[in-house]
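Every read-out reported here was derived from the displayed coordinates using simple, explicitly stated rules and does not represent laboratory data. Every value quoted in this text rests on a predicted model; they were computed, and no experiment measured them. Please note: Cβ atoms are built from the backbone with ideal geometry, for glycine as well, and neighbour counts cover all protein chains shown.
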Amino acid sequence: MTAQLIKNELLSMGSPQKAEHAAYFFKTGKGQYGEGDRFIGCTVPETRSIAKTYRNMSFDEIEKLLDDEMHECRLCGLILLVEQFKKADAEKQKSIFDFYCDHIHAVNNWDLVDLSAPYIVGEWLFDKNRTVLYDLAAGRSLWKERISVVSTLAFIRKNDFADTLQLSVQFFDHRHDLMHKACGWMLREVGKRNESVLTEFLDQYYRQMPRTMLRYAIERFSPEKRIEYMKR
């Protein structure tokens with residue numbers, strides 16, 4: 001099982017038209033957040049189906065995928081890590097977490113963050129010291145910052161909201177709307193599980209929040225309640 005075999009299968013499924021669309025969708029132009037990223041033109045389901053065949057791949061070969069210039073190769077490598085993490089014992093999970101952190105440079109677009117961070121970083125840190133999240137949040141890297149907050153989805157699903165709220169406040173003044181969207185998404189997830197926690201947070205901070213973050217956070221509220229917050 002080698003990285004090259006996976007890449008060959010991805011290339012066989014690629015579509016120039018889909019690759020062109022993905023390059024536009026993931027903002028790969030000069031000065032954009034995904035500048036220089038390259039695409040084969042595979043769908044996520046196609047990539048997942050290939051990963052399923054190679055789910056026991058070694059770290060050495062996964063590393064080659066994560067270092068590849070093609071987005072779908074990195075995507076496949078991260079899917080492999082997530083699937084291995086789900087079935088691993090604690091010792092192997094620690095190895096996967098460490099490997100992920102050592103190769104965090106490969107997690108360099110929002111889709112790569114969102115499909116991996118909660119299921120590796122968040123799951124591993126749930127019952128452990130979470131200082132690493134705040135180190136990532138202070139890293140002055142858009143993707144590390146997004147990893148820090150999106151990882152808390154694993155905590156939210158266990159009704160643990162404190163880090164989500166704290167990191168959201170920390171990112172109020174962030175320069176990029178991708179972070180406002182990520183925080184708003186996590187706040188919305190908090191509200192799904194405990195609306196009173198979200199409402200209390202919003203009542204305290206709605207004046208300070210970026211409007212994009214607020215809009216995302218209140219998406220599940222009634223139309224009347226959404227209008228009320230936006231008018232404030």
**Where only C-alpha atoms are counted, convex hull volume of the range 1-106 per residue in Å³** = 93
**Prompt:** Within straight cross-link reach of Lys158, meaning Cα distance under 21 Å, which lysines are found once same-chain residues fewer than 8 apart are removed?
**Reply:** Lys86, Lys87, Lys94, Lys128, Lys192
**Asked** Sorted from fewest to most neighbouring beta carbons within 10 Å, what does the list Leu167, Leu65 look like?
**Response** Leu167, Leu65
**Prompt:** At a Förster radius of 25 Å, what calculated FRET efficiency corresponds to the Cβ-Cβ distance of Leu11 and Cys101, to the nearest 0.05?
**Reply:** 0.30
**Message:** Could you identify which residue out of Asp203, Asp67, Asp98 has the top mean-square fluctuation in a GNM of the chain using Cα springs shorter than 10 Å?
**Reply:** Asp203
**Message:** Test of understanding: in a Gaussian network model of the chain with alpha carbons linked when under 10 Å, which of Gly77, Gly14, Gly29 would top the mean-square fluctuation ranking?
**Reply:** Gly29
**Message:** Using the Karplus curve 6.51 cos²θ - 1.76 cosθ + 1.60 with θ = phi - 60°, what ³J(HN,Hα) values do you get for each residue of the range 166-179, in whole Hz, with x for Gly and Pro?
**Reply:** 5, 5, 4, 4, 4, 9, 3, 9, 5, 6, 10, 5, 4, 6
**Message:** Once each part is reduced to its C-alpha centroid, what is the distance from the range 1-74 to the range 91-142 in angstrom?
**Reply:** 20
**Contour minus Cα-Cα distance for Arg48 and His176 (0.36 nm per residue)** = 43.1 nm
**Request:** Let me know the Rg and Dmax you get for the chain when you use only its Cα atoms, in Å.
**Result:** 18.6, 57
